[in-house]
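Every read-out reported here was derived from the displayed coordinates using simple, explicitly stated rules and does not represent laboratory data. In this text, all values refer to a predicted model and were calculated from it rather than measured experimentally. Here Cβ is always computed from backbone atoms with ideal geometry, including for glycine, and neighbour counts include all displayed protein chains.
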């Protein structure tokens, strides 16, 4: 970044609190998208089709990614955007009013903090933060700068899940004593690759940012960065953070648990992946709990609720006189909800299952179907709805309008980090104020990281 650009960035940071703009109802918000991989391309496609948004900037450390994004933008809108290699250049641009961050996890916090200090509102991909300390700093800066900071937990804007959660919190299955999250997303082995020269057009130093400086390796780039501790948080912090957030939502979004414990490993594969592909975590909230499971290997589903209508016993079978007839779901059978990625909720009066495919709730000893919800395709894509919620809050200037504002999303991310810390130190963690861990200096060190200058949170 040039000296003049650096100066503009820090001048913007110094005056961010005074930079709030009041948008008119028909004004378009100028958005810069930072990170143009798979998820960033999704951001680009959604924003470029919104009448209330103008994609004013695109930013990525990879020239090829920027070129692809420009081609997509030109196809969608007939226009190109300003192009940036270094996100600080985008944040220093006075034309940019909001940023949408889809970088690797280890950049989420620093990118959001820099953007807010430069006067920009922020939509940031999940998990909210790479570690617990970063989430605390993000909340602090959001309040100091009065910026909007929405985290991309788009299920919070899904009409299906909003209806389901309202019913659960309204007592549909009684008092919820356990929320279980499942992340049974099939993951193949990443294999092994040697270090190699950095490809032309890739700024590897900027990609690493806060992480330790290492030689370029293809496996640490383009999505597989999820499976290395320097840059990712494993699948619990990738796909899993969505379902952990839903577990918290089902319990009424509690604060930190009393204890956290996780066990598992990287099973079956001999490759370069560092994070576990099998992990079972539990969180004690005192009289209720969250249980979460990651399983990236071959597995069956959970939560199947196929029920048979009463009928005659099979040929040769004699039902015991005292056996009750099988319970039918009246007036119809519910289609099964086989959950590989989703949630189960257990209450004092019944239980429920939820995934992107629908929501089913059962009550009583006979598991009588009491609620069935299926996705309404006409309602729109949840990510687009979540982004529109972000844009509405940019106009209202009220962070409480956000469906998953940083103060809540930070807690969902923190559960992922607690599980990973417990796994890495090999023991149960007891939370203390701070947060930190009671009598566990080794675990305390994993609340933050050693940052590589100048990329310091």
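Can you give the log10 of the normalised intensity I(q)/I(0) at q = 0.14, 0.20, 0.26, 0.27 Å⁻¹, computed with Debye over equal Cα scatterers of the stretch 213-265? Result of the Debye calculation: -0.54, -0.84, -1.07, -1.10.
May I ask you to order 338-344, 64-70, 404-410, 446-452 by the average number of other C-beta atoms within 10 Å around their residues, highest value first?
Values: 338-344: 20.9, 64-70: 18.0, 404-410: 24.1, 446-452: 16.1.
The peptides rank, most packed first, as 404-410, 338-344, 64-70, 446-452.
Compared with the dominant principal axis of the Cα atoms in the chain, helix 159-169 is inclined by about 60°.
What's the ranking of 150-162, 131-143 by average number of surrounding C-beta atoms within 10 Å, highest first? Please list the in-between numbers first.
Working: 150-162: 23.9, 131-143: 20.8.
Averaged packing, sorted descending, gives the order 150-162, 131-143.
In this structure, residue 392 and residue 263 have a Cβ-Cβ separation that, at R0 = 56 Å, corresponds to a calculated FRET efficiency of about 0.85.
The label point for residue 427 and the one for residue 45, both projected 7 Å from the Cα toward the Cβ, are 4.8 nm apart.
Using Cα atoms only, what is the angle between the long axis of helix 382-396 and the major principal axis of the chain, expressed in degrees (0 to 90) to the nearest 10? In the chain, helix 382-396 runs at an angle near 50 degrees to the longest axis.
Each residue in 422, 367 was given a count of other beta-carbon atoms within 10 angstrom of its own, and listing them fewest first yields 367, 422. Mean residue ellipticity, 222 nm, helices only, the chain: the sum of -39500 (n - 2.57) across DSSP H runs of n ≥ 4, divided by residue count and rounded to 500, is -9000 deg cm²/dmol. From the alpha carbon centroid of the stretch 41-100 to that of the stretch 134-180 is 28 Å.
Work out how much length residue 163 to residue 280 would gain on full extension: take 0.36 nm times their residue separation and subtract the Cα-Cα distance, in nm to one decimal.
39.3 nm
Simple spin-label estimate for residue 64 and residue 374 gives 4.2 nm between the two label positions (7 Å along the Cα-to-Cβ direction from each Cα). For the pair residue 83 and residue 175 in one chain, pulling the backbone fully straight at 0.36 nm per residue adds 27.9 nm over the alpha carbon distance. Look at where the Cα atoms of the stretch 194-262 and of the stretch 372-410 average out, and the two centres are 24 Å apart. Label positions at residue 198 and residue 76, each projected 7 Å from the Cα along the C-beta direction, are separated by 2.8 nm. Rounded to the nearest 10 degrees, the inclination of helix 63-77 to the longest alpha-carbon principal axis of the chain is 80 degrees.
Round to the nearest 0.05 the FRET efficiency obtained for residue 451 and residue 95 when R0 = 25 Å and r is the Cβ-Cβ distance.
Working: r = 30 Å, r/R0 = 1.20.
Working from the Cβ atoms, E equals 0.25.
Here the chain is described by how far its Cα atoms reach on the three principal axes: 87, 51, 42 Å, from widest to narrowest.
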